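A short worksheet on the structure shown next.
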Amino acid sequence: MENMEAGLREEAGKLLREKKVAVIVGYEAGTLPLTAAPCFITEACEADKLVLNPFCTQNLATYVTELIAQHRDAQKRLKPEGRTKKVVGIIARGCTSRSLTIHLQERQYQRDEVVILGVPCRGYADVRKVAARVDGREITAGILQDDKIIVTTAAGESAMPLSEVTADNCLDCRFNNPVIYDLMLGTVAPPMDPSGEYARVEEFAALPEAERWAYFVKEMDKCIRCYACRNACPSCYCRSCFVEQTQPQWIDRGTGRADNEVFQVMRLYHMAGRCVDCGSCITACPMNVDLRAYLKKLDKDGWELFGHRAGLKLDEPALFSTFREDDKQDFIFEPE
Amino acid sequence: MTETPEKGGWEPKIVAIVCNWCTYAGADLAGISRIQYPPSVRIVRVPCTGRINPFYIVKALQEGADGVLVSGCHPGECHYLTGNMAARRKFAMLKSFLNYLGVEGDRAVFTWVSASEGERFAKVIRQVTAAVKALGPAQRLVKKVAGQPEACAAEA
């Protein structure tokens, strides 16, 4: 891990010095132990802030659309011939690179507006799993030693192997190495085990309808509609989101049960063919709503009905922007 | 109408979002041919099924519709060539997703009715009404207005 960090800083510094990118989006050490936060580096001398470790949970692609959109807005006042492109450098593992592919498929920016520093990924640590290991006590210090996390709390030190606290979405990850990149750092990581990725969806789908509904109601009742999931999600880049629209007003403000449910149904549905299972929404959710049970279902349907996996190929259209004449239509009602 | 609801009985409210070029004309044909079908359906005319935001369906359920019927041209017969085929994908995913959540699958129905199929339109409405009636009033995703929980039911 240390080797890759050094290489990363060097490459990031080089890109900035050569003015190939205006900004590098990466991770820096967080303010709390065992955390990492996104950072934006514009000067080569700051590149030493960059870190890369199993606490880098967030999908950075979410910032690329925002940075480029802001830049384009600022350029509007200039004459067309005076406008420039802002090139964003980004540190991308498998899921981040797939999110970037989705943006490119959806024509949010051009391929030359982003420089992708690919890094292999062996999965990140789930903060909730770590917290459960120390019974929710406050973590005062933590270090990563080889493949073990050593956590210090008021009750003393405890060590846990990284593999036991790896996030669920990383454990069944199918694409842990970047699918597109301009520069690959480090060596290709060994594949994870995606064989059981839909096991939970299948188990859930087999439950009786009333139980499934009861579970959905129970989960969505937790939601406080802070929209952290939407803000963390790289695929939720709409500048005007349906939750804030007032003409028409799709959902009311407040946390009424039906409004929560409808918000979640629609946000989840917008992820059809666009969810890369990066787990950013799940990490961001303060109420621990089980979003993955539903996101995986959409992923499974996209694959099983239409052979589409989110963000794999640049030349492949997005799931809903294309169709085939022989798409399955067994759900169409035929009167007798 | 011969198929008037029994007095005091519950009749479902079904929102039918239909394509201007096929199903709407099909419904018109059913009307001018005097084919009987239940008066449970409220038609919303749209230019094409491809124009339907899947949110319309969820929103209709939230606002108290007991069923939502979406109907357009048969694949290959779209006035805009491919609108219905683009829509088909969205609806396939939506229906599967609603079922998975636990919203009764029969509440959202998708079908194709062409302009010449008045009889088929009437059949669809009859069968969908019967299916929704069997399910009873919608309970899931429905927004109940505070203080007047029966607002939707009373209106019907």
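Residue by residue, here is whether (1) under 20 Å from the mean Cα position of the chain (by Cα); (2) within 14 Å of chain B (Cβ to nearest Cβ); (3) within 23 Å of A:SER280 (Cβ to Cβ); (4) at pLDDT 90 or above holds:
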| position | (1), (2), (3), (4) |
| --- | --- |
| A:ARG137 | no, no, no, no |
| A:GLY142 | no, no, yes, no |
| A:ASP146 | no, no, no, no |
| A:VAL201 | yes, yes, yes, yes |
| A:PHE204 | no, yes, yes, yes |
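Can we say A:ALA310 is among the hydrophobic types (A, V, I, L, M, F, W, C) and assigned to a helix (DSSP H, G or I)?
no
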Q) Looking at the stretch A:187-200, is at least one residue within 19 Å of A:VAL276 (Cβ to Cβ), surrounded by 19 or more Cβ atoms within 10 Å (Cβ to Cβ) and not aliphatic (A, V, I, L, M)? A) yes
Q: Among the residues of the stretch A:209-223, write down those that are surrounded by 13 or more Cβ atoms within 10 Å (Cβ to Cβ) and either more than 10 Å from chain B (Cβ to nearest Cβ) or touching a helix residue (DSSP H, G or I) at 6+ places or on another chain (Cβ under 6 Å) (or both).
A: A:PHE216, A:GLU219, A:MET220, A:ASP221, A:LYS222, A:CYS223
Q | the stretch A:43-69 residues that are farther than 19 Å from A:LYS19 by Cβ, paired with ones that are basic (Lys, Arg) and in a loop (DSSP other than H, G, I, E, B) (beta carbon under 8 Å, 6 or more apart) | A | A:PRO54/A:ARG122; A:ALA69/A:ARG239
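So that you can scan it fast, the table gives a plain yes or no per residue for (1) surrounded by 15 or more Cβ atoms within 10 Å (Cβ to Cβ); (2) under 24 Å from A:PRO317 (Cβ atoms):
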site: A:THR42; (1), (2): no, no
site: A:GLU46; (1), (2): yes, no
site: A:VAL51; (1), (2): yes, no
site: A:CYS56; (1), (2): yes, no
site: A:ASN59; (1), (2): yes, yes
site: A:THR84; (1), (2): no, no
**Q.** Scan of the stretch A:279-295 for residues that are more than 13 Å from chain B (Cβ to nearest Cβ) and either on the phi > 0 side of the Ramachandran plot or of a type in the set (A, V, I, L, M) (or both), ordered by number
**A.** A:GLY279, A:ILE282, A:ALA284, A:MET287, A:ASN288, A:VAL289
(Q) If I ask for residues that are charged (D, E, K, R), in contact with a strand residue (DSSP E or B) (Cβ under 9 Å, 6 or more places away or on another chain) and farther than 23 Å from A:ASN288 by Cα, which ones from the stretch A:132-149 would you list? (A) A:ASP147, A:LYS148
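The rows are residues; the columns are (1) within 7 Å of chain A (Cβ to nearest Cβ); (2) modelled with pLDDT under 85.
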position: B:PHE97; (1), (2): yes, no
position: B:GLY118; (1), (2): no, no
position: B:ARG140; (1), (2): yes, no
position: B:CYS152; (1), (2): no, yes
Q: Restrict the check to the stretch A:212-226 and report whether at least one residue is touching a residue at least 40 places away in the same chain (Cβ under 8 Å), touching a Pro at 6+ places or on another chain (Cβ under 9 Å) and hydrophobic (A, V, I, L, M, F, W, C).
A: yes
Q | Selection from the stretch A:300-324 of residues that are crowded, with 20+ Cβ neighbours inside 10 Å and touching a residue at least 60 places away in the same chain (Cβ under 8 Å) | A | A:ALA310, A:GLY311
Q) Within the set of pairs 6+ apart or on separate chains, which have a first residue in the stretch A:157-183 that is assigned to a strand (DSSP E or B), a second that is aromatic (Phe, Trp, Tyr), and C-beta atoms under 9 Å apart? A) A:THR166/A:TYR124
(Q) Out of B:VAL113, B:VAL109, B:VAL70, I need the residue that is at the interface with chain A (Cβ under 10 Å from one of its Cβ atoms) and in contact with a Cys (Cβ under 7 Å, 6 or more places away or on another chain). Which one? (A) B:VAL113
Q. Given the structure, is A:ARG267 within 14 Å of another protein chain (Cβ to nearest Cβ), charged (D, E, K, R) and without any contact (Cβ under 8 Å) to a residue 40 or more places away in the chain?
A. yes
Q: Kindly indicate whether A:CYS241 is assigned to a helix (DSSP H, G or I), hydrophobic (A, V, I, L, M, F, W, C), more than 11 Å from chain B (Cβ to nearest Cβ) and out of contact with any strand residue (DSSP E or B) (no Cβ under 8 Å at 6 or more places or on another chain).
A: no
Q | Residues of the stretch A:296-315 satisfying the condition of being over 26 Å from A:GLY196 (Cβ atoms) and either within 11 Å of chain B (Cβ to nearest Cβ) or among the charged types (D, E, K, R) (or both) | A | A:ASP315
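Of all residues in the stretch B:100-122, how many are in contact (Cβ under 8 Å) with a residue 40 or more places away in the chain and either part of a helix (DSSP H, G or I) or under 26 Å from A:ALA214 (Cα atoms) (or both)? So that I can check it myself, show each step before the final result.
Narrowing the stretch B:100-122 to residues in contact (Cβ under 8 Å) with a residue 40 or more places away in the chain: B:103, B:107-122.
Still in the list and also either part of a helix (DSSP H, G or I) or under 26 Å from A:ALA214 (Cα atoms) (or both): B:103, B:107-110, B:118-122.
Total meeting the criteria: 10.
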Q. Among the residues of the stretch B:120-134 satisfying the criterion of being under 27 Å from A:ALA205 (Cβ atoms) and crowded, with 24+ Cβ neighbours inside 10 Å, which is nearest to the other protein chains (Cβ to nearest Cβ)?
A. B:VAL128
(Q) Take A:PHE40 and tell me if it is part of a loop (DSSP other than H, G, I, E, B) and of a type outside the set (D, E, K, R). (A) no
Q | Pairs where the first residue, in the stretch A:71-89, is in contact (Cβ under 8 Å) with a residue 40 or more places away in the chain and the second is of a type in the set (D, E, K, R) and in a helix (DSSP H, G or I), C-beta under 6 Å, 6+ apart | A | A:VAL87/A:GLU113
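The values are calculated or read from the model by the stated rules, or taken from the named source; none is laboratory data. Predicted, not measured: the structure shown is a model, and the values here were computed from it. Backbone-built Cβ (ideal geometry, glycine too); neighbour counts: all protein chains shown.
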